[in-house]
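What follows is a set of notes on a single structure, which appears directly below.
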Amino acid sequence: MNKCNKIFTVYTRLLKKHSLVVQSIQTGLIMGIGDLAAQTVIENKPLEKVELLRTAQFVALGTGLVGPILTAWYKFLSKTIGDTGKAAVLKKVAADQLIFAPNFIVVFITTLNMLQGKNLENVKKELSSKYKDILITNYKVWPAVQILNFYLVPLHYQVLFVQTVAVFWNAYMSWKTQQ
């Protein structure tokens, strides 16, 4: 067994035994990578100008909020809708995009702003100025990703798949919420 296979085997064993912890930690790390990409690639900051506190806030948000919520949401969808068939996939995507996404964007923006020390008035301004654009961009990206996720990816790898794609989404969210 080569090194990659061993790592994947250990990862899978840990994921099955400690799903919430593994999903939360990996989500935090991937969200941190997304923020670093936003700062260095989109905003063209040199490494010495990277705001490490901002990156840490994204890591904390991923570990403490996004990872646990996505893990619970995907398990809920699996349990209530099922995992097989095109109808189940379409129902999951519809629930994800019509129920989860619009509400989660509010939670995400609110929590990020609170982590950044902004007051409720500032949070309301952020939501009124950025929510619509973020939701529209969400609808351009996530339905296709979620079709693939729910159709092809086993439940215990769905958060990882989504967060891998979300490196780009997290870079966008970091950039968008910092404007």
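Quick note: the coordinates plus some simple rules give every number you see, no bench work behind them. Model, not experiment: these values are computed from the prediction. Here Cβ is always computed from backbone atoms with ideal geometry, including for glycine, and neighbour counts include all displayed protein chains.
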Self-check item: Cβ crowding within 10 Å averaged over residues, with 156-166, 12-22, 34-44 ranked highest first
Solution: 156-166, 34-44, 12-22
Quiz item: Hey, which lysines would be in cross-link range of LYS49, C-alpha to C-alpha under 28 Å, not counting anything within fewer than 8 residues on its own chain?
Solution: LYS118, LYS125, LYS130, LYS176
Quiz item: So for the stretch 3-178, Kirkwood radius off the Cα pairs, Stokes-Einstein at 37 °C and 0.692 mPa s: how many µm² s⁻¹?
Solution: 194 µm²/s
Quiz item: Hey, what did the stretch 3-178 get for relative contact order, percent, Cα under 8 Å, at least 6 apart?
Solution: 34 percent
Exercise. Anything over 28 Å Cα to Cα? Flag those among LYS92/LYS132; LYS3/LYS86; LYS3/LYS45; LYS6/LYS92; LYS91/LYS140, in the order listed.
Key: LYS3/LYS86; LYS3/LYS45; LYS6/LYS92
Quiz item: In what sequence, highest mean first, do 59-65, 100-106, 27-33 appear when ranked by Cβ atoms within 10 angstrom?
Solution: 27-33, 59-65, 100-106
Quiz prompt | Cα-based Rg of the stretch 18-115 normalised by 2.2 N^0.38 Å, two decimals | solution = 1.27
Self-check item: Cα-based helix-to-principal-axis angle, 52-61 vs the chain, degrees rounded to 10
Solution: 40 degrees
Quiz prompt | Estimated Rh, the stretch 66-146: Kirkwood, alpha-carbon pairs, angstrom | solution = 13.9 Å
Practice problem: Taking only the C-alpha atoms, wrap a convex hull around the stretch 1-59 and report its volume per residue in Å³ as a whole number. | Solution: 93 Å³
